[in-house]
Amino acid sequence: MDEIKNDVPEEEVEETLELPEVEEGVEDTTNWKAEAQKLREKAIAQRERTKTLKQKLAEAHKAVEVVAGTKPKPTTGELDETQLDYLDLKGISDSDEIDLIQRVMKNTGQTVRQALKEDYVQSKLQEIKDKRAVKEATPSSTKRAGAGATDNLDLAIAKFEQSGELPADFKLRSEVVNAMEKKTSASVPVWKR
């Protein structure tokens, strides 16, 4: 990012250490403890200035990002009204389909439009729609729901009588053979067949 110029006035800071000069042969009367304390205070003041400048620079960067729109909006994982309206226009209104879109957006960080363009999402949406269509086309178990469930044994017997083919399932095959034996047996009365 380009360097941002702040309106913060820079204070003049002495960069050099001014140590007292001591001549040779003359006794050193410098208070080194006081000199060390001055340097310590100077370093502390410099750190404080640096800290405030960094804070102001960070605030300026945030302001630039907000104005430029480069900072992504924090996502809560839920779709807002405009996204839901967009999905509704695309024919996606079932809760399972919306949940799929939300999971993909959350996991990949994509937008709604980007998520809808993914082949994986398209195939999953088609799968959900196919399952729903099958479920809606299947009649419920009411009295008027058609012929209802038929017995597999009756179907297997009818198929055997038409084509002479026995089922592959051993249990069903033995039941078909026993039923045909009972049907054609001379020892079983007609009314019990």
Query raised in the report: So which of ALA60, ALA45, ALA34 is in contact (Cβ under 8 Å) with a residue 40 or more places away in the chain and small (Gly, Ala, Ser)?
Result: ALA60
Query - Single residue of segment 125-152 satisfying the filter (surrounded by 11 or more Cβ atoms within 10 Å (Cβ to Cβ) and modelled with pLDDT of 85 or more) that is nearest to the chain's Cα centre (by Cα) - result: LEU125
**Report entry** Residues (closer than 14 Å to LEU155 by Cβ and not small (Gly, Ala, Ser)) located in segment 168-179
**Finding:** ASP169, LEU172, ARG173, GLU175, VAL176
Query raised in the report: Between residues in segment 173-193 that are at pLDDT 75 or above and surrounded by 12 or more Cβ atoms within 10 Å (Cβ to Cβ) and residues that are outside any helix (DSSP H, G or I) and of a type in the set (Val, Ile, Thr), which pairs lie under 9 Å by C-beta distance while being six or more apart or on different chains?
Result: LYS182/VAL188
Query raised in the report: ALA158: within 59 Å of the chain's Cα centre (by Cα), surrounded by 11 or more Cβ atoms within 10 Å (Cβ to Cβ) and at pLDDT 80 or above, yes or no?
Result: yes
Query raised in the report: Does segment 108-124 hold any residues that are closer than 11 Å to GLU97 by Cβ and under 14 Å from the mean Cα position of the chain (by Cα), and which are they?
Result: LEU116, VAL121
Requested in this report: Return the residue satisfying two criteria in turn: it lies in segment 161-172 and is part of a helix (DSSP H, G or I) and hydrophobic (A, V, I, L, M, F, W, C), and of such residues it is surrounded by the most Cβ atoms within 10 Å (Cβ to Cβ).
Outcome: LEU172
Report summary line: Filtering segment 90-118 down to residues that are out of contact with any helix residue (DSSP H, G or I) (no Cβ under 8 Å at 6 or more places or on another chain), closer than 21 Å to ALA133 by Cα and either surrounded by 14 or more Cβ atoms within 10 Å (Cβ to Cβ) or modelled with pLDDT of 90 or more (or both) yields ASP99
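The values are calculated or read from the model by the stated rules, or taken from the named source; none is laboratory data. Not measured: the values here are computed from a predicted model. Neighbour counts run over all protein chains shown; Cβ positions are idealised from the backbone, glycine included.
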